Amino acid sequence: MLKQEKPDAAWDHLVDAQMEATRAAKAHDCFRHLEHCYHRLEMIEKIVFPPQVFVSGGVIVYKQECSICGEDYGECEHFAGKPYMGEFCYVTVKDVHSDHLSFVENPADKRCRVTSFNTNGGSRNWMTWTIEKDDENI
Ligand SMILES: [Zn+2]
C-alpha cells in the first residue's frame, strides 16, 4: 500500500497484522512466538508512520450478542477473544447509542484515529500532510 502511495490503507493493514498476531499469540502456546512478530510490527509503526492521534468512542450498549452461539453475550459459556473450534468468539453490539468521543494515547483499536482535519481551504490528511481543497470535493 505504501508503494501505491496509500498510507492510510497501509496503516490499516499494519494494525490488522498487529491485532491478529496478538490474538494468535493469546489463542494457543504454539503461537506464542508471534509476540515477537507483534513487537516487530510495532517498531515498523513507529519508524514508518508519523505519530497518530487516537480517539475512543464512548457508547452505551443495551444488547450484545455472542458470535459463536448467537445468544446474549454474558448469558452463554463463550468468552470474547477465545477460539472455539478454530473460530474466534467476538461480541456483536445490537443496540448501541453514542455518548462521547475522547482523545486517547492507547486505544483498543489503532484504526480509530484522526485521519484529516479542516484547515484553510480544505482538508489536511494526517498521514501525508497534503491539503485536499474544498473545491476538489465538488
Ligand atoms: Zn456464546
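Would you mind listing the strands (runs of 3 or more DSSP E) fully within the range 67-138 where at least 3 residues are open to solvent by 90 Å² or more (accessible area, probe 1.4 Å)?
The qualifying strands (runs of 3 or more DSSP E) are 91-104.
I need every pair where a residue in the range 1-25 that is within 18 Å of Arg124 (Cα to Cα) has its Cβ under 7 Å from the Cβ of a residue that is among the charged types (D, E, K, R) and surrounded by 13 or more Cβ atoms within 10 Å (Cβ to Cβ), sequence separation at least 6 or different chains.
From the range 1-25, no pairs qualify.
Quick check: is even one residue across the range 44-66 over 30 Å from Met1 (Cβ atoms), within 16 Å of the ligand (Cβ to nearest atom) and open to solvent by less than 60 Å² (accessible area, probe 1.4 Å)?
First pass over the range 44-66, keeping only residues over 30 Å from Met1 (Cβ atoms): 58, 60-66.
Filter once more, keeping what is within 16 Å of the ligand (Cβ to nearest atom): 63-66.
With open to solvent by less than 60 Å² (accessible area, probe 1.4 Å) added as a condition, the list becomes 65-66.
Yes, the range 44-66 has at least one match.
Using beta carbons and a limit of 8 Å, which pairs, at least six apart or on different chains, have the first residue in the range 63-74 and without any contact (Cβ under 8 Å) to a residue 60 or more places away in the chain and among the aromatic types (Phe, Trp, Tyr) and the second one part of a strand (DSSP E or B) and within 7 Å of the ligand (Cβ to nearest atom)?
Once the first residue is without any contact (Cβ under 8 Å) to a residue 60 or more places away in the chain and among the aromatic types (Phe, Trp, Tyr) and sits in the range 63-74, its partners that are part of a strand (DSSP E or B) and within 7 Å of the ligand (Cβ to nearest atom) give Tyr73/Cys66.
Cβ-Cβ distance below 7 Å, separation of 6 or more or different chains: which pairs start in the range 92-120 with a residue that is within 21 Å of Ala9 (Cα to Cα) and end on one that is among the charged types (D, E, K, R)?
As it stands, the answer is Arg111/Asp12; Thr115/Asp8; Ser116/Arg124; Phe117/Arg124, since those pairs meet every condition given.
What do you reckon, is Pro7 within 27 Å of Phe117 (Cβ to Cβ) and open to solvent by 90 Å² or more (accessible area, probe 1.4 Å)?
On the way: within 27 Å of Phe117 (Cβ to Cβ): yes; open to solvent by 90 Å² or more (accessible area, probe 1.4 Å): no.
So Pro7 does not fit the description; no.
Looking only at the range 75-96, count how many residues are near the ligand (Cβ under 9 Å from one of its atoms) and farther than 19 Å from Lys26 by Cβ.
Here the count works out to 2.
Please state which one of Arg32, Arg23, Arg40 is surrounded by 15 or more Cβ atoms within 10 Å (Cβ to Cβ) and of a type in the set (Lys, Arg).
Numbers: Arg32 fails: surrounded by 15 or more Cβ atoms within 10 Å (Cβ to Cβ); Arg40 fails: surrounded by 15 or more Cβ atoms within 10 Å (Cβ to Cβ).
Of Arg32, Arg23, Arg40, the one residue that is surrounded by 15 or more Cβ atoms within 10 Å (Cβ to Cβ) and of a type in the set (Lys, Arg) is Arg23.
The values are calculated or read from the model by the stated rules, or taken from the named source; none is laboratory data. Quick caveat, the model's predicted, so the values are computed rather than measured. Note that each Cβ is placed from the backbone with ideal geometry, even for glycine, and that neighbours are counted across all protein chains shown. Just so you know, the surface numbers come from the protein's heavy atoms only, side chains and all, with ligands and any DNA or RNA stripped out. Shrake-Rupley method; radii C 1.70, N 1.55, O 1.52, S 1.80 Å.
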